[in-house]
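Following this message is one structure expressed as structure tokens.
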Amino acid sequence: VTGPEPLPPAPDVEVIGLDADDTLWHNESFYADAGATFAEIIAPWIPDGEDVASRHYETERRNLELFGYGAKGFTLSMIETAIELSGGRVSSAAIGELLALGKRMLAHPVDLLDGVREAVERLAEHHRLVVVTKGDLFHQEQKFAASGLDALVDRVEVVSEKDVRTYRSVIGRVGVDPSRFLMVGNSVRSDVLPPIEAGGHAAHVPYEITWVHEHVDDAPVAFPVLPSLSAFADWITTR
Ligand SMILES: [Mg+2]
């Protein structure tokens with residue numbers, strides 16, 4: 001049902017919601033790199049054959065309610081996983097390296113995906129734009145300020161979870177009927193299914209990597225899939 005063809009006609013919407021991480025700028029690739037570095041740093045204390053990435057994800061998932069999404073929770077969960085998997089033997093020097101790794105993630109420059117700036121400029125000509133992103137408030141605001149897109153976007157909503165209730169309140173705050181709202185993003189779980197359930201529209205623009213937490217096996221509804229934000233802008237502006 002989620003196949004790329006045929007593309008339906010674009011709905012007539014007034015407000016476009018844009019996901020940020022892995023839709024406007026690269027994100028998951030940094031996390032994947034950091035995860036590989038994490039495994040290297042703690043390797044001396046870890047039994048052979050241990051799946052560090054899976055254990056780290058389990059810790060992250062367990063901590064989501066306490067830490068929320070983002071690089072800080074990722075870092076604390078690396079430290080917790082290192083202590084657990086090493087039976088408490090991991091060195092404080094290695095913990096220091098993990099903290100430094102986390103700080104590098106927070107300080108990483110914003111790297112827009114190809115064609116995003118031009119696509120957002122075209123979208124802004126005919127639509128009000130709202131960025132809807134989950135994660136750490138301070139870090140997401142910093143990234144958005146560094147993106148150079150602020151003049152094109154009406155508002156930024158940093159939310160703790162992207163569920164139906166969140167989209168209902170975002171749509172309420174931007175002041176449109178849900179049928180006049182369309183969300184575009186790289187996560188079927190966070191950017192596509194809940195806005196549709198809230199009465200709006202959605203389009204999926206996949207990224208090269210999907211965090212396991214965002215993975216959906218069987219989507220219950222059909223939705224348009226586009227290869228890039230530029231292709232999305234073509235679709236929505238030539239209706
Ligand atoms: Mg995303």
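The values are calculated or read from the model by the stated rules, or taken from the named source; none is laboratory data. Nothing here was measured: the structure is a model prediction, and the numbers come from that model. Virtual Cβ from ideal backbone geometry, glycine too; neighbours counted across all protein chains shown. We work out accessible area using only protein heavy atoms, side chains counted, and drop any ligands, DNA or RNA first. Shrake-Rupley method; radii C 1.70, N 1.55, O 1.52, S 1.80 Å.
Can you give me the angle between helix 71-85 and the longest principal axis of the chain, using Cα atoms only, in degrees from 0 to 90, rounded to the nearest 10?
Rounded to the nearest ten degrees, it is 30.
Right, next: Need one number for the stretch 4-44: average projected area of the convex hull over its C-alpha atoms, nm².
4.9 nm²
Could you grab the relative contact order for the stretch 14-149? Cα pairs under 8 Å, six or more apart, rounded to a whole percent.
42 percent
Relative to the longest principal axis of the C-alpha atoms of the chain, give the angle of the C-alpha long axis of helix 52-67, reported between 0 and 90° and rounded to the nearest 10°.
That works out to roughly 70 degrees.
Also: Sum up the charges of everything whose Cβ sits under 12 Å from the Cβ of residue 115, counting Lys and Arg as +1 and Asp and Glu as -1, but leave residue 115 out.
Overall, the nearby charge balance is -2.
Also: What per residue convex hull volume, in Å³, comes out for the stretch 113-239 when only alpha-carbon positions are used?
Dividing the Cα hull volume of the stretch 113-239 by its residue count gives 114 Å³.
Using only the Cα atoms, what convex hull volume per residue in Å³ does the chain have?
Taking the convex hull of the Cα positions in the chain, it is 122 Å³ per residue.
Compute the normalised compactness of the stretch 29-92: alpha-carbon radius of gyration over 2.2 N^0.38 Å, N being the residue count.
That works out to 1.05 for the stretch 29-92.
Also, quick follow-up: Over the chain, with every protein chain in place, what whole percent of the accessible area is carbon and sulfur at 1.4 Å, could you tell me?
52 percent
For the stretch 37-190, what does the accessible surface come to per residue with a 1.4 Å probe? Please give it in Å².
Using a 1.4 Å probe on heavy atoms only, each residue of the stretch 37-190 averages 50 Å².
Additional query: Taking only C-alpha pairs under 8 Å that are 6+ residues apart, what is the relative contact order of the stretch 83-154 in percent?
35 percent
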